[in-house]
1. A:Val531 is checked against (1) open to solvent by 10 Å² or more (accessible area, probe 1.4 Å); (2) more than 16 Å from RNA strand B (Cβ to nearest atom); (3) farther than 22 Å from A:Tyr192 by Cα and fails just one. What number does that condition carry?
2. Among the residues of segment A:688-708, write down those that are in contact with a Phe, Trp or Tyr (Cβ under 9 Å, 6 or more places away or on another chain) and of a type outside the set (Gly, Ala, Ser).
3. For the list (1) surrounded by 19 or more Cβ atoms within 10 Å (Cβ to Cβ); (2) of a type in the set (A, V, I, L, M, F, W, C); (3) out of contact with any Ser or Thr (no Cβ under 7 Å at 6 or more places or on another chain), I need the number of the one condition that A:Phe551 fails.
4. Filter segment A:693-718 down to the residues that are touching a Ser or Thr at 6+ places or on another chain (Cβ under 8 Å) and away from RNA strand B (no atom under 16 Å from the Cβ) and list them by number.
5. Quick one: A:Gln429 ticks every box in (1) modelled with pLDDT under 95; (2) open to solvent by less than 60 Å² (accessible area, probe 1.4 Å); (3) touching a helix residue (DSSP H, G or I) at 6+ places or on another chain (Cβ under 8 Å) bar one, so which box is it?
6. Restricting the search to segment A:317-355, which residues are among the aromatic types (Phe, Trp, Tyr) and either within 8 Å of RNA strand B (Cβ to nearest atom) or over 20 Å from A:Glu302 (Cβ atoms) (or both)?
7. What number of residues within segment A:640-657 satisfy the criterion of being farther than 14 Å from A:Glu739 by Cα, in a helix (DSSP H, G or I) and open to solvent by less than 70 Å² (accessible area, probe 1.4 Å)?
8. Restricting attention to segment A:806-828, which residues are assigned to a loop (DSSP other than H, G, I, E, B) and near RNA strand B (Cβ under 8 Å from one of its atoms)?
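The values are calculated or read from the model by the stated rules, or taken from the named source; none is laboratory data. Predicted, not measured: the structure shown is a model, and the values here were computed from it. When we count neighbours, we look across all protein chains shown, and the Cβ atoms used for this are built from the backbone with ideal geometry, even at glycine. Just the protein is used for accessible areas: all its heavy atoms, side chains included, with ligands, DNA and RNA removed. Shrake-Rupley method; radii C 1.70, N 1.55, O 1.52, S 1.80 Å.
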Amino acid sequence: MDQQYRFSEIEKKWQERWEKDNSFRTVEDPQRQKFYLLEMFPYPSGKLHMGHVRNYSIGDVLARHLTMRGYNVLHPMGWDSFGLPAENAAIKHGIHPDIWTHDNIKEMREQLKTLGLSYDWNREVATCDPDYYKWMQWIFIQFFKRGLAYKKKNPVNWCPACQTVLANEQVVDGACERCHEVVVKKELEQWYLKITDYAQRLLDDLEQLPGWPAKVKLMQKNWIGRSVGADVDFAIEGREEKMRIFTTRPDTLYGVTYMVLAPEHPLVSELVKGSGQEKAVAAFLDQLQHLSDIDRSATTLEKEGVFIGRYAINPMNNERIPIYIANYVLMDYGTGAIMAVPAHDQRDFEFAVKYNIPIPPVIDPGDPEIDLLNLESAFEAEGTMINSGPFNGMNSADAIEAFIEHLEKEGLGSRTINFRLRDWLISRQRYWGTPIPMIHCQKCGWVPEKEENLPVLLPTDVEFTGRGESPLASSPTFRKTECPLCGGPAEREIDTMDTFLDSSWYFLRYTDAKNDKAAWDVAKANYWMPVDQYIGGVEHAILHLMYARFFNKFLYDIGLSPTVEPFTNLLTQGMVLKDGSKMSKSKGNVVSPEEIIQRYGADTARLFILFASPPEKELEWSDTGVEGSFRFLNRVYRLVAELPDSIRQADSSAQIVTSDDKELAHVLNQTIAKVTEDIAERMNFNTAVSAIMVLVNELYRCRALPDGSVSAGLFHLAIEDLALMLAPFVPHLAEELWEGIGHSESLYREAWPTADPALLVRDEVEIVVQLNGKIKEKIKVASDLTDAAAFAETVLANPKVQALLAGQTVVKTVPVPGKLINIVVKKE
RNA sequence: GCCGGAGUGGCGGAAUUGGCAGACGCACAGGACUUAAAAUCCUGCGAUUCUUACAGGAUCGUACCGGUUCGAUCCCGGUCUCCGGCACCA
């Protein structure tokens with residue numbers, strides 16, 4: 001063994017060896033317990049960043065550890081390779097997106113390989129390759145066939161910078177999630193996936209995911225936003241049509257003093273005709289037109305509206321109620337219309353105050369401090385029903401049920417559940433995405449491309465201008481085609497799919513990545529699915545993770561996925577920060593993984609990232625911390641490189657002769673137990689590393705002792721176990737150490753060490769003696785004293801404890817065997 | 001505004017079931033080695049304080065105030081700060 005830790009040579013040597021031996025190739029094996037370990041695949045931007053290094057280092061620790069524990073581990077990697085940056089490069093530099101993307105993939109694959117990650121590259125997928133998007137199109141057609149994909153004209157979110165529409169989930173604070181440009185509304189005919197059909201199941205099945213962070217489940221729950229209430233029909237004075245509203249508070253029906261339609265509601269133009277309010281309404285609508293979507297939805301915006309000159313009739317008491325339009329009612333939730341109860345809804349309250357509308361209470365809070373006839377704000381909590389005819393005296397929460405029953409019996413309304421979740425708009429007016437495999441025929445309407453004709457290839461004869469409609473429209477050959485049904489002239493859809501579709505099923509494709517007959521072989525999916533552990537950034541808590549759950553449920557329903565949920569356990573890793581903020585080019589605080597690998601090696605980079613912070617927390621980058629990790633690896637290397645032949649060549653054995661043997665064996669077994677638990681059960685890699693450091697410190701202590709203090713066989717064993725335990729964290733160095741103490745085979749498939757329970761405990765343990773809860777003394781007692789009474793007796797008999805108790809009376813003792821005793825005393 | 005989460009040395013963090021607060025590392029200080037430096041090895045390292053000193057002892061200390069308990073970083077109530085999600089969803 002070289003006397004110096006030459007990390008670049010070592011890392012190169014082992015990477016080549018792994019590649020040559022095909023070490024990480026995985027095949028289905030019904031005899032072995034499978035483990036599907038997945039990290040979120042990256043967008044191939046061309047450069048690996050520290051977030052990737054963290055994500056993939058965490059995954060690799062688990063993959064290597066579980067392999068050593070005997071699991072058949074599926075650990076794949078691929079590329080989420082459709083998307084805007086490639087197209088922007090085409091517009092800016094004239095490079096075709098396909099070339100740009102594949103160059104980037106090549107570069108990033110090399111970078112991932114320098115990290116020594118244990119991927120089965122035979123299963124690599126790239127979503128932009130026709131052999132992948134062929135099956136994307138096939139899945140889309142399955143959605144269409146079951147009525148879950150449809151085209152509809154609707155006001156949609158339009159990003160003027162990206163020149164494309166966006167899904168609701170991709171609009172953050174009224175701006176584009178990608179480029180932060182302010183999003184505008186545009187009326188367009190677009191493709192949607194009916195995710196709302198799955199809303200209830202997406203919500204309910206969160207319960208089946210105890211291995212997910214509560215935070216992520218809560219975010220999804222809020223996003224789905226289920227509310228139970230009733231649809232109620234209000235008659236409109238002098239008209240045939242009814243006004244249907246949705247409310248979660250049917251108990252307040254007697255307190256309605258006005259009604260509101262969303263400004264975009266189709267009834268508005270009908271009703272306003274001949275009402276005498278045409279001018280006022282037109283002026284109000286015009287004023288709204290000039291507000292951006294952000295301003296329109298700001299909670300700080302004052303509630304404003306205008307009376308439209310018509311009245312509704314309250315079905316409960318036949319009161320005449322004025323109808324308004326107002327800026328605070330949304331067209332795309334519920335029925336786009338509400339009943340307003342100012343006494344019991346804060347928004348309605350503010351509006352009523354502004355427009356001098358009466359605020360009659362129908363629920364008594366039973367609180368003398370609240371003046372019901374002169375409310376300062378709406379009372380939204382539970383109370384006793386008043387002014388509500390036959391419902392008076394009921395508890396308002398019970399009254400909700402009673403009102404719904406009444407409405408249903410009288411045919412005035414019905415129980416309804418509404419979700420905040422909207423259908424998923426998946427059309428994008430871009431080139432670099434999966435073509436939507438649909439054809440429009442004058443006679444037959446929208447018809448899917450025949451499955452045997454898939455994939456619908458992206459045309460290459462297009463222009464990239466970055467403006468106007470989809471670039472696919474500029475292809476002279478793409479659009480014109482024949483109807484798959486009647487053979488008549490027809491036109492292809494020119495929009496492409498949102499790239500979030502591509503990443504909603506890649507975990508299934510990995511189970512059978514090269515299949516060209518089907519999306520995957522169901523038998524293989526049955527073996528590997530579900531993903532046992534999924535790892536990625538928390539920024540995907542809603543978008544990707546909800547879409548993937550939706551896809552999987554659909555694929556489950558049609559018999560292609562074996563489980564209702566795709567990801568059993570989820571680890572959301574924290575961000576990598578520098579100087580307290582996210583690394584970014586604009587802040588100039590980016591540390592490149594390449595540079596760190598070159599200076600210290602991949603093992604140091606991995607170790608630092610795993611050691612500095614628990615995985616789900618943010619990680620503050622520290623240059624001196626990296627130095628420290630590098631120093632530790634040097635220290636480990638030297639330990640083995642400087643090993644005397646007597647130890648190097650000794651047969652490893654757990655032979656214990658001396659007291660130092662006892663101590664070393666104890667530390668070694670403690671370390672094995674802790675590292676095993678920290679990796680597999682707690683996923684606290686930082687404490688696993690610190691435990692290994694403790695072992696290394698102990699080995700250094702032993703090394704400095706006079707000859708013969710520690711048995712050679714035991715020391716040899718400790719070094720072997722050290723190498724095995726280091727393997728998941730710093731695989732290259734671990735292999736080198738393993739070879740350095742006389743092994744010729746790679747340690748990758750070597751068994752993980754197990755702790756000997758007999759050696760986990762010492763003969764004597766130090767316990768704490770407290771007097772009235774304060775630590776006064778530490779004494780040693782036999783560790784097998786597990787009986788509380790015997791333990792207390794032994795401790796009290798100790799002369800040191802006797803001295804402490806002089807002049808005091810023992811009131812009570814609280815013994816905790818093996819740990820502590822608290823003696824409650826009082827002065828005599 | 002609503003809903004979550006978190007506050008521990010100079011710093012990153014540890015304390016797994018209510019039982020020794022600060023493991024491990026970084027930074028810093030001192031020492032050994034060296035002509036010297038780097039590297040390496042060893043030692044110290046929460047605050048205040050007592051004791052002539054050695055050795056040791058005392059008090060305080062996990063954002064703040066209070067509670068439960070023999071015992072609280074951990075449980076309960078309240079306050080403050082920071083972070084994240086949602087934000088007119090009727």
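1. (1)
2. Of everything in segment A:688-708, those that are in contact with a Phe, Trp or Tyr (Cβ under 9 Å, 6 or more places away or on another chain) and of a type outside the set (Gly, Ala, Ser) turn out to be A:Val689, A:Ile692, A:Met693, A:Val696, A:Leu699, A:Cys702, A:Arg703.
3. Condition (3) is where A:Phe551 drops out.
4. Kept after step one, since they are touching a Ser or Thr at 6+ places or on another chain (Cβ under 8 Å), are these residues of segment A:693-718: A:694-695, A:702, A:708-714, A:716-717.
Within segment A:693-718, A:Gly708, A:Ser711, A:Ala712, A:Gly713, A:Leu714, A:His716, A:Leu717 qualify.
5. With respect to (1) modelled with pLDDT under 95; (2) open to solvent by less than 60 Å² (accessible area, probe 1.4 Å); (3) touching a helix residue (DSSP H, G or I) at 6+ places or on another chain (Cβ under 8 Å), A:Gln429 is out only on (3).
6. Keep residues of segment A:317-355 that are among the aromatic types (Phe, Trp, Tyr), which gives A:324, A:328, A:333, A:349, A:351, A:355.
Hits for segment A:317-355 are A:Tyr328, A:Tyr333.
7. 1
8. Listed by number, the list holds a single entry, A:Lys819.
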